[in-house]
1. Spin-label point model (7 Å from Cα, Cβ direction): what's the residue 69 to residue 211 distance in nm?
2. So what is log10(I(q)/I(0)) for region 236-286 at q = 0.19, 0.27, 0.28, 0.32 1/Å, when the Debye sum runs over its Cα atoms only?
Amino acid sequence: MEPDGGTGYCKSVCTNEVVAEWNHRNGSIDLKRLKQPVWTPDPRSGTPLIVSAFNCAPFFYVDEENHITGGLEYQIINAIFHKWSHVYNMLNQTESRKNLNKWTIIMETVADKSADLAGCSQWQIFMNLSKVDTTYPLTQVCVTYLVPKPKLLPHFTFLLQPFNLMSWLITLAMFSLVSTFLIGIHHVYKLFMRDLKLDTGITSSLTNPRLTTPIKTIDDMVTHNVKWLEIAHLKNSFKASKVENLQKLADLAVLDKQQDVAFGTKQLSNLYLTDIENLNDYDKNHLTVLNECFGNFYTVFVMKKRSPYTKIIDKYLGRFHEQEYQANNKK
């Protein structure tokens with residue numbers, strides 16, 4: 001402001017150019033000069049990059065004391081920001097195990113600018129694009145379920161076992177031969193025929209055990225009423241879906257962890273499953289991966305709006321993808 005109070009102006013601290021002027025009658029703003037210039041964080045500034053995450057293998061591996069021991073995203077961040085100071089704010093282990101909204105929690109730390117980056121394969125990003133930015137995609141991920149494996153049926157069910165045509169022909173031929181032999185010798189064929197049938201059935205049951213119908217698709221889950229542990233926002237998304245099977249699947253959601261209940265998981269290629277760190281021994285031995293994805297997405301890092309770090313990460317992630325492609329094609 002000028003000393004006489006009649007006019008005033010405002011200068012940009014970056015360019016030292018006047019971006020606005022005014023007096024007691026009117027004023028003007030130069031929008032071209034008002035635009036923020038593109039800048040790159042200086043590694044020597046000392047301001048750390050703050051990363052928000054939780055125990056989400058294989059992206060972050062965390063021990064019982066909540067210390068990071070490794071992980072895919074952990075290695076990527078360290079490789080990109082080895083020149084920059086960076087710190088990890090990890091969600092408390094107890095809260096992480098109990099809270100199904102842990103992805104939302106760490107995303108909100110970026111939205112409210114208390115963190116610069118959120119990891120852990122953010123699959124709910126499409127609902128929060130107005131709050132945060134995203135980086136170049138890391139990889140495609142299949143969202144699916146861990147469902148109960150087929151179980152052995154009781155041995156007496158061999159009486160209802162559906163043989164193929166050849167098995168029936170052989171069985172009938174053997175019945176005819178054995179019955180003729182027994183009638184001609186002992187004349188008490190009924191007792192022997194029952195014994196033969198039971199012995200044949202038991203042998204078949206031992207060599208070809210019968211199992212319950214395997215759960216391979218979403219349609220199988222709906223048909224056999226397979227319950228699944230509710231995931232934040234997912235039940236409502238299914239209800240709002242136009243796909244009939246997903247609407248029916250929403251009604252099968254349960255809030256409490258029970259035996260033989262399906263769990264939501266994310267499949268990273270054919271090598272990794274995520275979100276399984278809380279499975280007990282029974283679940284690990286009695287659950288298997290569904291053969292169908294109910295959703296696909298590209299996993300990304302969540303960044304603050306207009307963060308200068310986004311451009312840095314995108315540059316390196318592009319190089320990582322290119323190097324992986326070249327390495328795979330040289331084999």
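1. So the label points at residue 69 and residue 211 sit 3.2 nm apart.
2. Summing over Cα pairs of region 236-286 leads to -0.84, -1.05, -1.06, -1.14.
Only the coordinates and a few stated rules stand behind these numbers; no lab work does. In this text the structure is predicted, and so the values were computed from the model without any measurement. Quick reminder, even Gly has a Cβ in these numbers, built from the backbone with ideal geometry, and neighbours come from all protein chains shown.
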